[in-house]
Amino acid sequence: MNCNVFMKLIGTLRMSDSKHHVVGVEFLKQNGLDVDELIKELVINASVEFVAYYYFTNLRSFCTGLEGEGIKGVIEDARLEDLSHFESCIDRIFQLGGEFPKDIVDFCQKAGADFLQSDRSTTLHEILEKCLKAEQGAIINWNKICKMTHGKDPMTYEIAADILAEEIEHESWFLELLDGRPSGHMRRKYSGERPHTGKHSRALGNL
Ligand SMILES: [Fe+2]
Ligand SMILES: [Fe+2]
């Protein structure tokens, strides 16, 4: 083989073996973003949304009787939007260089959401209190991501801001049910509508 052709071939192989710059992450660091810290917070938030989706499934099921029937629909809307919130951050975590824990138990423990557990003895009032606490925790979580990314990472900021918008709506629904504080609650056209995050969770299609 011609020496020049061989050297060219080796050069080509080296190029294909080497890691490339991830411009989509490097510019974030230049913008002053702590990318590792952001990934850590996003994985925690994803865990909270995933676990809340599971626990809200039980909370919804324990809304029984005439009074429970109305509450069930509100919890169902919030439950399916938590699934949307989990789906909304998956792409971004991997784009940033992050990933989820190998063990789902490790993942779920990050949520710290044991307070959402319920069974048949849980009263409707207790169910609403648990839902409200979950929504208020989510508001704090997503507001933190908004503050970390504002002016530095427009993609993550947009996702976090859209999730935050839905969490604020959810809080207002449960405050209305608990305290009679009017929420201006315009019901979803259908459960899983997710008006703010639908564009980030397209994998779910039309729930
Ligand atoms: Fe959520
Ligand atoms: Fe929520």
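Can you pull out the residues in the range 114-144 that are away from ligand 2 (no atom under 16 Å from the Cβ) and in a helix (DSSP H, G or I)?
Taking the range 114-144 as the starting set, the residues that turn out to be away from ligand 2 (no atom under 16 Å from the Cβ) are 114, 117-126.
Answer for the range 114-144, where residues must be away from ligand 2 (no atom under 16 Å from the Cβ) and in a helix (DSSP H, G or I): 114, 124, 125, 126.
Is there any pair linking a residue in the range 126-144 that is farther than 12 Å from residue 48 by Cβ to one that is of a type in the set (S, T, N, Q) and near ligand 2 (Cβ under 10 Å from one of its atoms), with Cβ under 9 Å and at least six apart or on different chains, and which?
No pair meets every condition.
From (1) at pLDDT 95 or above; (2) over 15 Å from the mean Cα position of the chain (by Cα), pick out the condition that doesn't hold for residue 79.
Just one mismatch for residue 79, condition (2).
What residue, of 202, 188, is at pLDDT below 95 and within 15 Å of the chain's Cα centre (by Cα)? Walk me through how you get there before you give the answer.
Details: 188 fails: within 15 Å of the chain's Cα centre (by Cα).
Step by step, each of 202, 188 is checked, and only 202 is at pLDDT below 95 and within 15 Å of the chain's Cα centre (by Cα).
Quick one: in the range 95-108, of everything that is free of Cβ contacts under 8 Å to residues at least 60 places away in the same chain and part of a helix (DSSP H, G or I), which residue is nearest to ligand 2 (Cβ to nearest atom)?
Narrowing the range 95-108 to residues free of Cβ contacts under 8 Å to residues at least 60 places away in the same chain: 98-106.
Now drop any that are not part of a helix (DSSP H, G or I), which leaves 104-106.
Working: 104: 21, 105: 23, 106: 23 Å.
Checking each candidate, the answer is 104.
Going through 111, 160 one at a time, which residue ends up being in a helix (DSSP H, G or I) and of a type in the set (Gly, Ala, Ser)? Steps first, please.
Working: 111 fails: in a helix (DSSP H, G or I).
Selected residue: 160, the only one of 111, 160 that is in a helix (DSSP H, G or I) and of a type in the set (Gly, Ala, Ser).
Go through (1) of a type outside the set (S, T, N, Q); (2) over 30 Å from residue 32 (Cβ atoms); (3) away from ligand 1 (no atom under 13 Å from the Cβ) and name the single condition residue 194 misses.
(3)
Considering the range 173-201 alone, what residues qualify as being more than 16 Å from residue 83 (Cβ to Cβ), of a type outside the set (Asp, Glu), out of contact with any helix residue (DSSP H, G or I) (no Cβ under 6 Å at 6 or more places or on another chain) and surrounded by 15 or more Cβ atoms within 10 Å (Cβ to Cβ)?
Passing the criteria: only 175.
For (1) more than 15 Å from ligand 2 (Cβ to nearest atom); (2) among the hydrophobic types (A, V, I, L, M, F, W, C); (3) not in a helix (DSSP H, G or I), each residue gets a yes or a no:
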residue: 52; (1), (2), (3): no, yes, no
residue: 75; (1), (2), (3): no, yes, no
residue: 79; (1), (2), (3): no, no, no
residue: 83; (1), (2), (3): no, yes, no
residue: 89; (1), (2), (3): no, yes, no
residue: 93; (1), (2), (3): yes, yes, no
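Just to be sure before I move on: is residue 172 more than 14 Å from the chain's Cα centre (by Cα), of a type in the set (Gly, Ala, Ser), within 14 Å of ligand 2 (Cβ to nearest atom) and modelled with pLDDT of 95 or more in the structure I sent? Spell out the reasoning first.
Numbers: more than 14 Å from the chain's Cα centre (by Cα): yes; of a type in the set (Gly, Ala, Ser): yes; within 14 Å of ligand 2 (Cβ to nearest atom): yes; modelled with pLDDT of 95 or more: yes.
Against the criterion (more than 14 Å from the chain's Cα centre (by Cα), of a type in the set (Gly, Ala, Ser), within 14 Å of ligand 2 (Cβ to nearest atom) and modelled with pLDDT of 95 or more), residue 172 qualifies.
Check the range 113-125 and report whether any residue there is closer than 27 Å to residue 36 by Cα, out of contact with any Phe, Trp or Tyr (no Cβ under 6 Å at 6 or more places or on another chain) and within 15 Å of ligand 1 (Cβ to nearest atom).
Residues of the range 113-125 closer than 27 Å to residue 36 by Cα: 113-114.
Retained after the next criterion (residues that are out of contact with any Phe, Trp or Tyr (no Cβ under 6 Å at 6 or more places or on another chain)): 113-114.
Those left that are additionally within 15 Å of ligand 1 (Cβ to nearest atom): 113.
Checking the range 113-125: at least one residue is closer than 27 Å to residue 36 by Cα, out of contact with any Phe, Trp or Tyr (no Cβ under 6 Å at 6 or more places or on another chain) and within 15 Å of ligand 1 (Cβ to nearest atom).
Across the range 145-157, what is the total count of residues that are crowded, with 16+ Cβ neighbours inside 10 Å and in a helix (DSSP H, G or I)? Explain how you work it out, then say what you get.
Within the range 145-157, the first condition is being crowded, with 16+ Cβ neighbours inside 10 Å, and the residues that meet it are 145-146, 148-149, 152-153, 156-157.
Now restrict to residues that are in a helix (DSSP H, G or I): 145-146, 148-149, 156-157.
Qualifying residue count for the region: 6.
Within the range 110-134, how many residues turn out to be among the charged types (D, E, K, R), more than 16 Å from residue 47 (Cβ to Cβ) and crowded, with 16+ Cβ neighbours inside 10 Å?
Of the residues in the range 110-134, the ones among the charged types (D, E, K, R) are 110, 114, 119-120, 126, 129-130, 133.
If we keep only those that are more than 16 Å from residue 47 (Cβ to Cβ) as well, we get 119-120, 126, 129-130, 133.
If we keep only those that are crowded, with 16+ Cβ neighbours inside 10 Å as well, we get 130.
The number of residues fulfilling the criteria is 1.
The values are calculated or read from the model by the stated rules, or taken from the named source; none is laboratory data. The structure displayed is predicted, hence computed values, not measured ones. Glycine gets a Cβ as well: all are built from the backbone with ideal geometry, and neighbour counts include every protein chain shown.
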